[in-house]
Amino acid sequence: MVKICKACGYQNPDYARFCMRCGAPLEDVPQQQYQQPPPQYPFPIPTPSGRFIDRSAGIWFLLSGIIGIILGILEISLLKSEGAEVAGLFIILFTYTLIMLSYKGFIKLNSKSLGRTIRKVFYGGIIYTVLISIGMAKLSATAGVLGFVTLFSLVMFLLMFIYGSGLIYVGAKNRLWMILVGGIVFLIYTISIVIAAATLVGGTPIYILGPNGNAISLILFGVLMIVSYVVDFRPRS
């Protein structure tokens, strides 16, 4: 038989008169009569993996989800009214806003290196794009504009790929399953956008997810981010 310390819960040998951990006096209380109180976790609470997460990070993923749904709806509307070129450029530009909003969530989820990588890739890529475009502009104004648009698009696609991979990594690390699935959806969306943009140069874009597949992917991504906020990040009493 062991003696359970009521102060700290330590199991002491039956001959002990004082707790060997905290020094509190012991009573002859058998183990089966004592139930250790459940641990009281400070805010923020741990995920199922046992890692503590900052629940204020969820607001950034919530915002990215709302933007994703809005972008998906707008893309469907623009495809019908303005065509693939205008819709594609609009979506790529505003996807940057989505990414830069939720990169703050990465930082709050203790993925600072990932957040910094996203930020550096974008700003470094923009500087590189501007410099190359200035150099090409000496040949002709058209070449400069074409160089800027091409390199800017490449930077955006790289950002989107890193972002989708980052969502998968963060979701797996913290067992935030909706974020993990959202990352997979966003990665598929990124690949589809790259293929559509590359084939658009030839005259006819190829949509591997169908005419509205990219927009539906964005809407699905948005729904997953909102569900993640409700399920994984909402403060619990």
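Only one of Val170, Val185 is β-branched (Val, Ile, Thr), within 11 Å of the chain's Cα centre (by Cα) and in the same structural domain as Ala87 (by TED's automatic domain parsing); which? Steps first, please.
Details: Val185 fails: within 11 Å of the chain's Cα centre (by Cα).
After applying the criteria, what remains is Val170.
Taking the criterion of being more than 25 Å from Ala87 (Cβ to Cβ) and in the same structural domain as Ile66 (by TED's automatic domain parsing), would at least one residue in the range 190-207 satisfy it? Don't jump to the end; show me each part of the working.
Here is the first cut: in the range 190-207, the ones more than 25 Å from Ala87 (Cβ to Cβ) are none.
Within the range 190-207 (the criterion being more than 25 Å from Ala87 (Cβ to Cβ) and in the same structural domain as Ile66 (by TED's automatic domain parsing)), the answer is no, since none of the residues qualifies.
Pick from the range 93-107 the residues that are at pLDDT 75 or above and surrounded by fewer than 20 Cβ atoms within 10 Å (Cβ to Cβ): which of them is farthest from the chain's Cα centre (by Cα)? Even if it seems obvious, please write down each step before you answer.
First, the residues of the range 93-107 that are at pLDDT 75 or above: 94-107.
Then keep just the ones that are surrounded by fewer than 20 Cβ atoms within 10 Å (Cβ to Cβ); that gives 94, 96-97, 100-101, 104, 107.
Working: Phe94: 16, Tyr96: 13, Thr97: 13, Met100: 11, Leu101: 10, Lys104: 9, Ile107: 10 Å.
So, considering only residues that are at pLDDT 75 or above and surrounded by fewer than 20 Cβ atoms within 10 Å (Cβ to Cβ), the one farthest from the chain's Cα centre (by Cα) is Phe94.
When you go through (1) farther than 30 Å from Gly171 by Cα; (2) modelled with pLDDT under 75; (3) polar (S, T, N, Q) one by one for Ser111, which number turns out not to apply?
Answer for Ser111: the failing condition is (1).
Across the range 45-92, which residue is modelled with the lowest pLDDT among those that are buried (at least 17 other Cβ atoms within 10 Å of the Cβ) and over 18 Å from Leu218 (Cα atoms)?
Ile53
Per-residue answers, yes or no, for (1) of a type in the set (Lys, Arg); (2) surrounded by 15 or more Cβ atoms within 10 Å (Cβ to Cβ); (3) under 30 Å from Arg55 (Cβ atoms):
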| residue | (1), (2), (3) |
| --- | --- |
| Ala198 | no, no, no |
| Ile208 | no, no, no |
| Asn212 | no, yes, no |
| Leu220 | no, yes, yes |
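Regarding the range 189-210, can at least one residue be identified that is in contact (Cβ under 8 Å) with a residue 60 or more places away in the chain and in a loop (DSSP other than H, G, I, E, B)? Before the answer, list the steps.
Initially, the range 189-210 is screened for residues in contact (Cβ under 8 Å) with a residue 60 or more places away in the chain, giving 193, 196-197, 200, 205.
Add one more test, that the residue is in a loop (DSSP other than H, G, I, E, B), and what stays is 205.
Yes, there is a match, as at least one residue in the range 189-210 is in contact (Cβ under 8 Å) with a residue 60 or more places away in the chain and in a loop (DSSP other than H, G, I, E, B).
The values are calculated or read from the model by the stated rules, or taken from the named source; none is laboratory data. The model shown is predicted, which means the values in this text are computed figures rather than measured ones. Cβ sites come from the backbone with ideal geometry, for glycine too, and all protein chains shown count toward neighbours.
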